[in-house]
Every structure is written in structure tokens, then in C-alpha cells.
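Heads up: the structure comes next, in C-alpha cells.
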Amino acid sequence: MIVTRKKAPQTIQELAERYKKLIIVGCSECAAVCQTGGSEQVKEMATLLGNGREILATISIESPCDKRISARDFRRLEKELEGADALVALTCGSGVQAIAEVTGKKVIAALDTDFLGMVERLGRFYERCSHCGHCILNDTAEICPVTLCPRGLRNGPCENIHGTRCDVNNDRDCVWHTIYERLSSRGEAERFAAYHEPPDWSTCRSPREEIWERK
Ligand code: SF4
Ligand code: SF4
């Protein structure tokens with residue numbers, strides 16, 4: 001899930017200052033779970049920006065980052081879109097860009113996009129994958145050192161490990177210690193020695209694309 005944070009209300013007010021007719025767009029997937037772009041937050045945004053401006057419509061889209069779904073849902077708002085000066089998107093950065101491409105309109109990004117998150121419960125989101133494109137979880141007991149080691153080491157601990165503790169995040173165990181413990185508990189300690197080639201950065205450079213060839 002993509003974890004997002006709300007920008008400050010004053011920032012949104014300033015960004016929207018010159019636009020008088022607005023459409024507010026929420027996301028009923030990731031941003032709804034983060035309580036940054038669900039139906040409640042769409043209502044709050046309409047109240048915040050409604051003073052002195054016209055809110056032509058509000059809409060919650062299931063996956064606004066999916067241009068097919070955005071295009072389908074905006075078909076219901078053709079008239080409002082025509083009259084709108086700008087849209088305010090309570091979505092991740094991909095959602096903002098998809099909405100701009102689909103509508104051809106100015107889109108104000110109301111959220112900051114943080115990371116790809118694992119959800120423990122509402123309000124507890126943790127970064128566990130940095131989408132490096134060369135996954136080594138099969139050798140690391142499903143614990144990602146690329147993300148959890150502050151140095152991003154893919155081949156065992158650095159020399160600064162203090163006992164079991166990380167020298168950078170010294171309130172935590174070194175992730176490689178945790179990996180070793182989990183592998184050992186499964187009788188798979190030999191996997192600890194697996195060597196991982198450095199990623200081929202030519203294939204992980206942004207912007208990345210995944211394009212299926214039609215058969
Ligand atoms: S190694 Fe870590 S960062 Fe890379 S794809 Fe796997 S989980 Fe994600
Ligand atoms: S002590 Fe472990 S987690 Fe900390 S930087 Fe070194 S290898 Fe990474």
C-alpha cells in the first residue's frame with residue numbers, strides 16, 4: 001500500500017488561491033486506509049476550500065492511479081470538468097499524475113507520498129520494501145536488508161555492528177542479526193552465506209516501466 005500524509009491546510013489554501021471552481025478527488029484504496037483521501041477527508045477538503053469558492057463536485061475513485069478507472073469515473077463528471085478551474089487530488093503522486101493526464105486539467109496535490117507500506121493496523125504503517133527490482137527475500141528469511149539496514153547492505157553485516165545492535169539505529173538490532181536468527185531457527189543458516197550481485201542499476205533507474213508485449 002502507498003502511504004501518504006496530508007499537506008498542511010494552509011498550504012492547500014495557498015495552492016488553491018487562484019482557482020475559483022474546484023472538483024475534489026479522493027482515493028478509496030490506499031489513501032482511504034491512510035485516512036488522507038477517504039470520503040471523510042474529501043468532505044473536510046470541500047469544507048476547507050468551499051469558503052469563497054465553488055465546489056462543483058466531489059468524487060472518490062477506487063484506484064485513481066489507474067488511468068482506466070479514473071477515465072471511466074470522470075465520464076460521469078463531464079459537465080463539471082468543463083467548468084472546473086482545477087481539481088484537488090487526495091491521492092498519491094501517481095494518482096495526481098494519472099488524473100492530470102486523464103482530465104487535461106490543473107491538479108493540486110493535497111498529499112505527500114511517503115513509501116510503500118506494510119499495514120499492521122490503522123495508523124501503523126511500516127516501510128519494508130524499497131522496490132529495488134532485484135529481490136533477495138528468498139535468501140534472507142523474508143526480511144529485507146535493502147530497506148531495514150540503514151546502509152542498504154545486501155551481503156551481510158557491516159563491521160560496525162555492536163553485539164547484536166546496529167551502530168546507526170542503535171535502538172534496533174542489526175537486521176543481519178535478525179536474518180541470521182530466523183534462518184537458524186529454520187535450520188537454513190547456510191543461506192546466510194548466499195552472495196547477491198549488486199543490482200543492475202541500469203534496470204532500476206527511474207522512471208521504471210513494465211510493458212507487456214502483446215502476443
Ligand atoms: S530486496 Fe527488499 S527492496 Fe528489493 S524488492 Fe525485495 S523486499 Fe523490495
Ligand atoms: S549494523 Fe547491521 S543494520 Fe546497521 S548498518 Fe551495519 S549491517 Fe546495517
In whole percents, the bins of 10 Å from zero upward hold the Cα-Cα pairs of the stretch 2-115 as 16, 54, 28, 1
Computed for the stretch 49-105: size of charge dipole around the Cα centre, +1 on C-beta of each Lys and Arg, -1 on C-beta of each Asp and Glu, debye to nearest 20, value 100 debye
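Of all the accessible heavy-atom surface of the chain, with the other protein chains kept in place and a 1.4 Å probe, what percent is carbon and sulfur?
Numbers: 6360 of 13340 Å².
Carbon with sulfur: 48 percent of the solvent-accessible area.
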Computed for the chain: size of charge dipole around the Cα centre, +1 on C-beta of each Lys and Arg, -1 on C-beta of each Asp and Glu, debye to nearest 20, value 640 debye
With every protein chain in place, the accessible area of Thr178 for a 1.4 Å probe, in Å² rounded to the nearest 10, comes to 60 Å²
Contact order relative to length for the chain, counting C-alpha pairs under 8 Å separated by 6 or more residues, stands in percent at 18 percent
With +1 on the Cβ of every Lys and Arg and -1 on the Cβ of every Asp and Glu, the dipole magnitude of the stretch 128-198 about its Cα centre, in debye rounded to the nearest 20, is 140 debye
Rounded to the nearest 500, the 222 nm mean residue ellipticity computed for the chain from DSSP H runs (n ≥ 4, each -39500 (n - 2.57)) alone is -8000 deg cm²/dmol
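Which order, highest average first, do 169-175, 15-21 follow once you tally other Cβ atoms within 10 Å for each residue and take the mean per peptide? Could you put the intermediate results ahead of the total?
Working: 169-175: 15.4, 15-21: 13.9.
Final packing ranking: 169-175, 15-21.
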Regression test value, accessible area per residue of the chain, probe 1.4 Å, units Å², expected 62 Å²
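Pull out the extension gain between Ser94 and Glu213, defined as 0.36 nm times the separation in residues minus the alpha carbon to alpha carbon distance; nm, one decimal.
Numbers: separation 119, 0.36 × 119 = 42.84 nm, distance 2.29 nm.
Once the chain is fully extended between Ser94 and Glu213, it gains 40.6 nm.
Taking 1 over the mean of 1/r across every pair of different Cα atoms in the stretch 150-215, what Kirkwood radius in Å do you get? Don't skip to the answer; put the middle values down first.
Numbers: mean 1/r = 0.0688 Å⁻¹.
Computed over Cα pairs of the stretch 150-215, the Kirkwood hydrodynamic radius comes out at 14.5 Å.
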Answer check: the chain, Cα atoms, Kirkwood Rh, Rg/Rh ratio of 1.10
The farthest towards the positive end of the charge dipole of the stretch 128-198, of the residues Val146, His162, His196, given +1 on Cβ of Lys and Arg and -1 on Cβ of Asp and Glu, is Val146
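The values are calculated or read from the model by the stated rules, or taken from the named source; none is laboratory data. Predicted model only: the values in this text are computed from it and were never measured. Cβ atoms come from the backbone with ideal geometry, glycine included; neighbour counts cover every protein chain shown. These area figures cover heavy atoms from the full protein model, side chains too; ligands, DNA and RNA do not enter into them. Shrake-Rupley method; radii C 1.70, N 1.55, O 1.52, S 1.80 Å.
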